[in-house]
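Visitor: Quick one: the structure is below, and I'll ask about it shortly.
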Amino acid sequence: MNKESWLSYLFYELGGQNCDFELQILEKDGKRSKRKKYSEVCFDSENRWNKWFISKVNQRQILPFEIVLDFEDKERLPLTVKELQELKIIFYVFSTGSRGYHVHTFYNKNLSEQEKLKIIKHFLADTQLASNRHMIALEFAPHWKSGKIKELIQYES
């Protein structure tokens, strides 16, 4: 899979075309592009500027029906995966291309930041990712700092 396919999957399959999330380019020097909605750049992907933006985009907004568990400690990952499997929760594990791992879980409803925070705390993950406005490294794209691709290493659907 590539990042364009993943973005399409998030918008059409998981979001049912009801969640127009934001995308952004973050550069190594910390400069950020203006946030753009998925629909702004991907509905007209033949537009020259949109093609350029899509080729460079490396961050996306966390979806309202998604929880991202961010782990810097590799030791937490197997325990988390085991518990998610036991709970029969759909999840995707990505190596971030930086130091850690992101475990993305998706639900059939939008979650409040308080609901997200409770689950994130349960798994002892980074609580900053409870915010629906938070941007994360885009899957299948180079990490802004390391240049390494955020790659899928495991999933359960």
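The values are calculated or read from the model by the stated rules, or taken from the named source; none is laboratory data. Being a predicted model, the structure only gives us computed values, none of them experimental. Glycine gets a Cβ as well: all are built from the backbone with ideal geometry, and neighbour counts include every protein chain shown.
Visitor: Given the conditions (1) touching a residue at least 12 places away in the same chain (Cβ under 8 Å); (2) closer than 25 Å to GLN24 by Cα; (3) of a type outside the set (A, V, I, L, M), which single one is not true for PHE123?
Guide: Result: PHE123 passes all but (2).
Visitor: Search the range 145-157 for residues that are within 15 Å of GLN85 (Cβ to Cβ) and pair each with any residue that is surrounded by fewer than 13 Cβ atoms within 10 Å (Cβ to Cβ) and at pLDDT 95 or above when their beta-carbon atoms are under 7 Å apart and the residues are at least 6 apart or on different chains.
Guide: Pairs found: GLU156/GLN85.
Visitor: Of all residues in the range 9-40, which are outside any loop (DSSP other than H, G, I, E, B) and loosely packed, with under 12 Cβ neighbours inside 10 Å?
Guide: The first filter runs over the range 9-40 and keeps only residues outside any loop (DSSP other than H, G, I, E, B), leaving 9-14, 22-24, 26, 32, 36-40.
Passing the criteria: TYR12, GLU13.
Visitor: Could you grab the pairs with beta carbons closer than 6 Å, sequence gap of 6+ or different chains, first residue in the range 3-22 and without any contact (Cβ under 8 Å) to a residue 60 or more places away in the chain, second one surrounded by 18 or more Cβ atoms within 10 Å (Cβ to Cβ) and assigned to a helix (DSSP H, G or I)?
Guide: Between residues of the range 3-22 that are without any contact (Cβ under 8 Å) to a residue 60 or more places away in the chain and residues that are surrounded by 18 or more Cβ atoms within 10 Å (Cβ to Cβ) and assigned to a helix (DSSP H, G or I), the close pairs are PHE11/TYR38; ASP20/TYR38; PHE21/TYR38.
Visitor: Next up: Scan the range 41-64 for residues that are assigned to a loop (DSSP other than H, G, I, E, B) and either buried (at least 18 other Cβ atoms within 10 Å of the Cβ) or touching a Phe, Trp or Tyr at 6+ places or on another chain (Cβ under 8 Å) (or both) and jot them down.
Guide: In the first step, residues of the range 41-64 are kept if they are assigned to a loop (DSSP other than H, G, I, E, B); the result is 43-47, 57-58, 62-64.
Correct list: VAL57, ASN58, ILE62, LEU63.
Visitor: Here is a follow-up. Which strands (runs of 3 or more DSSP E) does the range 100-157 wholly contain that include 1 or more residues that are acidic (Asp, Glu), in contact with a strand residue (DSSP E or B) (Cβ under 7 Å, 6 or more places away or on another chain) and surrounded by fewer than 19 Cβ atoms within 10 Å (Cβ to Cβ)? Working first, answer last.
Guide: Values: elements: 101-106, 135-137, 151-156.
The qualifying strands (runs of 3 or more DSSP E) are 151-156.
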